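Here is the structure we will look at, set down as structure tokens.
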Amino acid sequence: MNIFVPIILVGVLLVIALILIIIDKALGGGGEKMILINDEKVIPVTSDDSLLNILSSHKIFIPSACGGKATCGFCKFQLIEGGGEIKPTELPFLSQKEKEEGIRLSCQVKVRDNMKIAIPKELLNAKEYKTRVSHIEDLTYDIKLVRFELINPTEMHFKPGQYAQIKVPGIDVIRAYSIASHPKYNNQIELIIRQVPNGQATTFVHKALEVGDKIILTGPYGDFYLQEDSDREMICIAGGSGKAPIRSILYYLRDQGMPRKVKYFFGAKSKRDLYYTEEFEQLSKEFPNFEYIPALSEPKPEDNWTGEVGLITDVVDRNTKDLSEAEAYLCGSPGMINACIKVLNRHQVKQENVFYDSFS
Ligand SMILES: Cc1cc2nc3c(=O)[nH]c(=O)nc-3n(C[C@H](O)[C@H](O)[C@H](O)COP(=O)(O)OP(=O)(O)OC[C@H]3O[C@@H](n4cnc5c(N)ncnc54)[C@H](O)[C@@H]3O)c2cc1C
Ligand code: FES
């Protein structure tokens, strides 16, 4: 063989490698880039991974219920400079106003050049927690209470109503769960988790999770929380596991001596779907300001149910008067929330006084 052939081959490979490096540089890859956050914090970046992953590796935890697959729409941030154009995968989650404001999905934006971004200040408080499961309890046939003891860090400071995310070990699944426990016990977190048939996280929790297991949580997250500086009358509506954040809110109000008038509607199908009934009935005995109204949409004859019957929307409708001065806190499926908002609107609730977490 001609001795020049290997030399020519090596030369060609070197030229190709050089061209690739130049293209990479032109696209902003390779070298160090900077992310400027909220005009105050700078993160140096060498990889061109997604912004979501890069922030997470710098201990900034953006909510991400789908683990970066562009199916949850949770991981929003505001892009001020750099970052490229909106991808088709982001479009379903962005309103026209959000697009105009530069809102993007952090899991879909690759860090290929210097970027200037803004994220809500509260997100800088979200941390990753090593926890140990200390208690698991069946609340109904398909709902479990799970208590996590925080090992490192040992305290999570959250507002009543906020949520945490659980990382399912072994599979790349992250899911959001509202914190059901009292905010004053900040060395433990309780979650109320309903089994979704074939659901990845809930099947793990219901079928495999055991006391003593080590689990990673992140949080706290969310803008659904008690408006502590308000003294408005409150109407709370929840279904299924939506009881979790309302429980945390009510614990907090109980410690304050229940200073606000609260009407709490809880919708379930039949009696076997009710839980914590005694706890809330006891609260209503202690505080005349608090009224608990559980309602069954399909009570069974053996339930001997004498309480409210019907869809929660109808029950709210017939038990509510003028809400123009009230605050509403809603938790449950997107369908339930949308239907409830329609009813509340008929009772003159002001849009700015409606707070909800949609368990989508
Ligand atoms: C802010 C927030 C707070 C939440 N808090 C709670 C909470 O306190 N308790 C709780 O139990 N859940 C809560 N959820 C829902 C939770 O995050 C998961 O979506 C849910 O547990 C399903 O996860 P999975 O991995 O088991 O199901 P997946 O594997 O994600 O889903 C499996 C299938 O079930 C469908 N599905 C997903 N969720 C539901 C549902 N809720 N009902 C019916 N079908 C569904 C999916 O479309 C999919 O087809 C909350 C969600 C959000 C966004
Ligand atoms: S993490 Fe779910 S859409 Fe980005």
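The values are calculated or read from the model by the stated rules, or taken from the named source; none is laboratory data. Since we're looking at a predicted model, the values are computed, not measured. As a convention, Cβ positions derive from the backbone with ideal geometry for all residues, glycine included, and neighbour counts pool all protein chains shown.
Could you go through region 184-193 and let me know if any residue there is free of Cβ contacts under 8 Å to residues at least 60 places away in the same chain, within 18 Å of the chain's Cα centre (by Cα) and farther than 19 Å from K127 by Cβ.
Within region 184-193, one or more residues are free of Cβ contacts under 8 Å to residues at least 60 places away in the same chain, within 18 Å of the chain's Cα centre (by Cα) and farther than 19 Å from K127 by Cβ.
Could you tell me whether G212 is more than 30 Å from S284 (Cα to Cα) and within 16 Å of ligand 2 (Cβ to nearest atom)?
no
Out of all the residues in region 73-113, which are in contact with an Asp or Glu (Cβ under 7 Å, 6 or more places away or on another chain), of a type outside the set (K, R) and surrounded by 17 or more Cβ atoms within 10 Å (Cβ to Cβ)?
As a first pass, look at region 73-113 and keep what is in contact with an Asp or Glu (Cβ under 7 Å, 6 or more places away or on another chain): 78, 82, 104-105, 108, 110-112.
Next, from what is left, pick out any that are of a type outside the set (K, R): 78, 82, 105, 108, 111.
Residues satisfying the conditions are G82, L105, Q108, V111.
Given the structure, is G199 within 30 Å of E291 (Cβ to Cβ) and within 8 Å of ligand 1 (Cβ to nearest atom)?
no
Quick one: which strands (runs of 3 or more DSSP E) lie wholly within region 21-122 and hold at least 3 residues that are more than 16 Å from ligand 2 (Cβ to nearest atom)?
Details: elements: 33-37, 41-45, 76-81, 103-105, 115-118.
Answer list for region 21-122: 33-37, 41-45, 115-118.
For region 297-326, which positions are of a type in the set (A, V, I, L, M) and under 27 Å from the mean Cα position of the chain (by Cα)?
L311, I312, V316, A326
I'm checking my understanding of the structure. Among residues of region 202-211 that are more than 6 Å from ligand 1 (Cβ to nearest atom) and touching a Lys or Arg at 6+ places or on another chain (Cβ under 9 Å), which one is farthest from I171 (Cα to Cα)?
V211
Filter region 143-158 down to the residues that are surrounded by 20 or more Cβ atoms within 10 Å (Cβ to Cβ) and outside any strand (DSSP E or B) and list them by number.
M156, F158
Checking the structure you have, find out if any residue of region 93-112 is out of contact with any Leu (no Cβ under 7 Å at 6 or more places or on another chain), hydroxyl-bearing (S, T, Y), closer than 28 Å to Q227 by Cα and more than 16 Å from ligand 1 (Cβ to nearest atom).
yes
Quick one: which residue in Q227, Q188, Q165, Q195 is within 16 Å of ligand 2 (Cβ to nearest atom) and of a type in the set (S, T, N, Q)?
Q165
With the condition kept exactly as written, say whether any residue in region 329-342 is within 16 Å of ligand 1 (Cβ to nearest atom), in contact with a helix residue (DSSP H, G or I) (Cβ under 7 Å, 6 or more places away or on another chain), without any contact (Cβ under 8 Å) to a residue 60 or more places away in the chain and assigned by TED's automatic domain parsing to the domain that holds E278.
The answer is yes, given that some residue of region 329-342 is within 16 Å of ligand 1 (Cβ to nearest atom), in contact with a helix residue (DSSP H, G or I) (Cβ under 7 Å, 6 or more places away or on another chain), without any contact (Cβ under 8 Å) to a residue 60 or more places away in the chain and assigned by TED's automatic domain parsing to the domain that holds E278.
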